[in-house]
Amino acid sequence: MAENVFSWLDERLGLKAIYDTILDRKVPKVNWWFTLGSASLFLGIMQGITGMLLSVYYVPTPDHAYDSITFIMTGVQFGWLIRGIHHWGASLLILTAFIHMLRVFFYGAYKYPREFTWITGVGLLISALGMGFTGYLLPWNQRSYWATTVGSEIAGTVPWVGDFILRTLRGGTNLSALTLSRFFSLHIWIFPAIILATVGTHLYLVIRLGISHIPDKDS
Amino acid sequence: MPSKYRSPVMDRRSFVKIVTASLGSMMAAIVGLPVIQYFISPALGKTGSDDWISLGSLDNFPFDLPTLFNFNITQVNGWERSSMSYGAFVLRKEGQDPIVFSDVCTHLSCRVNWDEENKEFHCPCHNAFFDANGEVVSGPPPRPLDQYEIRLDGDQLFIHLTEG
């Protein structure tokens, strides 16, 4: 039965071909450092799932943001778990992505023909940092408020356009309801959209070009 | 691989597949089962009330005229404290205990109004009519208007509000 359903679907969707291309592709002999991209992908998916769940109860307004998070932590069953995974997963994702970048750099895996894979990777790391920066404000507690004050102030020190950047980040001169709602929008819509598209390109290139072997004496 | 290291039961590939599938399902269950609770736990929590509400002196309510009494109850829903408004129609008749109707239509919970000209309760949502005793005259409601349990303390009228 299951076999029949599978072959019916496979005939129409080409599932076997997708499986062979993605999971049974040829790879050189590699080591554990080569698992960090997949680890980052897994953590990214977890962030997406737990983030969607948090949005069930979270509201991005100054009068309720903090209360809604308190409610998630104490009033909803397993709210602490969902938020905990999102909180710690965020830090872990930055860590795995960063070490992934170091691996690619030290093994010289960014070289021809994989320069564009590297460029999309840089985009992803910057977007992940953007997610971290915008997500940090959302609990609207003292720490996030002042972290964003300082962060946007740093952006404000850019010569000539600094003041413009600071105002654009904050949605005005001061940190306000406008800052919270635009950070929320960036955090759940704009960065995720960018990341989704860039991860797609990144993975397509990894599969299309294959991964490079560990450099030996000849290379 | 030398044959003495080779398992007679399965090859490396199927072993890795089985381990990956079981670890994956375990992780999915660890996250997935709490998610169900996460979604439904606010639906299971009791937010209801069980109070006797004072409607004041009976003298405030004229005979043979259903008179609306509005009151508010504060409830905490999640992170928000909100005021829920309730309405009760008090109907007094000479020599009888007063009857107190809920103003919530028994069809789909819109609020009914008293139409003095036709001596009927009217629900504007789906054109339902109830007579002065709360019985359905016409329209979709499945049962008469609900009545509150009452208590008289001298001339003070109380109704029993139970919810949830």
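Any read-out appearing in this document is the output of simple, stated calculations on the displayed coordinates, not a laboratory observation. Values in this document were obtained by computation on a predicted structure and should not be read as measured data. As a convention, Cβ positions derive from the backbone with ideal geometry for all residues, glycine included, and neighbour counts pool all protein chains shown.
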Cα extents of region A:1-42 per principal axis, largest first, Å, are 40, 22, 16
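Go ahead and estimate [θ] at 222 nm for chain A from helices alone: -39,500 (n - 2.57) per DSSP H run with n ≥ 4, summed, over the residue count, rounded to 500. Let's see the in-between values first.
Values: 10 runs with 151 residues, N = 219.
My calculation for chain A gives -22500 deg cm²/dmol from helical runs alone.
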Computed over the Cα atoms of the protein assembly as shown, the Rg and Dmax in Å are 32.3, 110
Length gained, A:THR201-A:LYS16, 0.36 nm per residue minus C-alpha separation, equals 64.4 nm
Kirkwood Rh for region B:50-162 from C-alpha pairs, in Å, is 14.8 Å
The lysines whose Cα lies under 20 Å from the Cα of A:LYS111, excluding any fewer than 8 residues away in the same chain, are A:LYS26, A:LYS29, A:LYS217
Both in Å, the radius of gyration and Dmax of the C-alpha trace of region B:15-54 are 20.2, 72
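If R₀ is 56 angstrom, what is the calculated FRET efficiency for the pair A:LYS111 and B:GLU80, using the beta carbon separation as r and rounding to 0.05? Could you put the intermediate results ahead of the total?
Working: r = 56 Å, r/R0 = 1.01.
In this case the efficiency is close to 0.50.
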With +1 at each Lys and Arg Cβ and -1 at each Asp and Glu Cβ, the charge dipole magnitude of the protein assembly as shown around its Cα centre, to the nearest 20 debye, comes out at 3560 debye
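How much length would be gained if the chain were fully extended between B:LEU44 and B:SER109, taking 0.36 nm per residue of separation minus their Cα-Cα distance, in nm to one decimal? Each step should come with its number before you reach the end.
Working: separation 65, 0.36 × 65 = 23.40 nm, distance 2.13 nm.
Here the segment from B:LEU44 to B:SER109 would lengthen by 21.3 nm.
What does the charge count around B:PHE63 come to, taking other residues whose C-beta lies under 15 Å from its C-beta (Lys +1, Arg +1, Asp -1, Glu -1)? Mind dumping the intermediate values first?
Numbers: positive: B:ARG92, B:LYS93, B:LYS119; negative: B:ASP59, B:ASP64, B:GLU94, B:ASP97, B:GLU116, B:ASP155.
The answer is -3.
Give me the percent of Cα-Cα pairs in region A:118-219 that sit more than 19 Å apart, rounded to a whole number.
55 percent
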Neighbour-count ranking for A:SER144, A:SER40, B:SER54 (other C-beta within 10 angstrom, fewest to most) reads B:SER54, A:SER144, A:SER40
Dipole check, the protein assembly as shown, charges on Cβ (K,R +1; D,E -1), about Cα centroid: among A:TRP160, A:THR117, B:LEU145 the Cα furthest to the positive pole belongs to A:THR117
Placing each pseudo-label 7 Å from Cα in the direction of the beta carbon, B:ASP64 and B:ASP97 end up separated by a distance in nanometres of 2.3 nm
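On average, how much area does the Cα convex hull of chain A cover when viewed from any direction, in nm²? Present the calculation step by step, with values, prior to reporting the outcome.
Working: hull surface 68.1 nm².
Mean projected area for chain A: 17.0 nm², to one decimal.
Per residue and in Å³, how big is the convex hull formed by the alpha-carbon atoms of region A:1-129?
Numbers: hull volume 24.3 nm³, N = 129.
Convex hull of Cα atoms, per residue: 188 Å³.
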Proxy exposure order for A:LEU43, B:LEU108, A:LEU137 (fewest C-beta within 10 Å first) is B:LEU108, A:LEU43, A:LEU137
